[in-house]
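The values are calculated or read from the model by the stated rules, or taken from the named source; none is laboratory data. Values in this document were obtained by computation on a predicted structure and should not be read as measured data. Don't worry about glycine lacking a Cβ; one is built from the backbone with ideal geometry, like all the others, and counts go over all protein chains shown.
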């Protein structure tokens, strides 16, 4: 197991995801750059890559029904996760 499939990682991500209760749509994942993610693993992967590659901090933000977001498709989300795994040598 590697990446978000690793039991230890999945447990930590699950707890962090469940603790967030803000915005109109608290079950959805939006970030400080205006993206919406289909899953929490993709958000965390992008967050880690932004910190590593650009020394920038990406935050989870509230999702609102009245705001437009750039939505990552499941395929794009998987690419983010795979890039994080490849660059972090987690395979």
Handout entry: Pairs with Cβ under 7 Å, 6+ apart, first in segment 7-33 and surrounded by 14 or more Cβ atoms within 10 Å (Cβ to Cβ), second assigned to a helix (DSSP H, G or I) and modelled with pLDDT of 75 or more
Key = 13/40; 13/41; 13/44; 17/40; 29/40; 29/43; 31/43
Exercise for the section: Could you list all residues from segment 51-60 that are out of contact with any strand residue (DSSP E or B) (no Cβ under 7 Å at 6 or more places or on another chain) and more than 13 Å from residue 88 (Cβ to Cβ)? Expected result: 54, 55, 56, 57
Exercise for the section: Identify, by number, the condition in (1) modelled with pLDDT under 90; (2) crowded, with 16+ Cβ neighbours inside 10 Å that residue 78 doesn't meet. Expected result: (1)
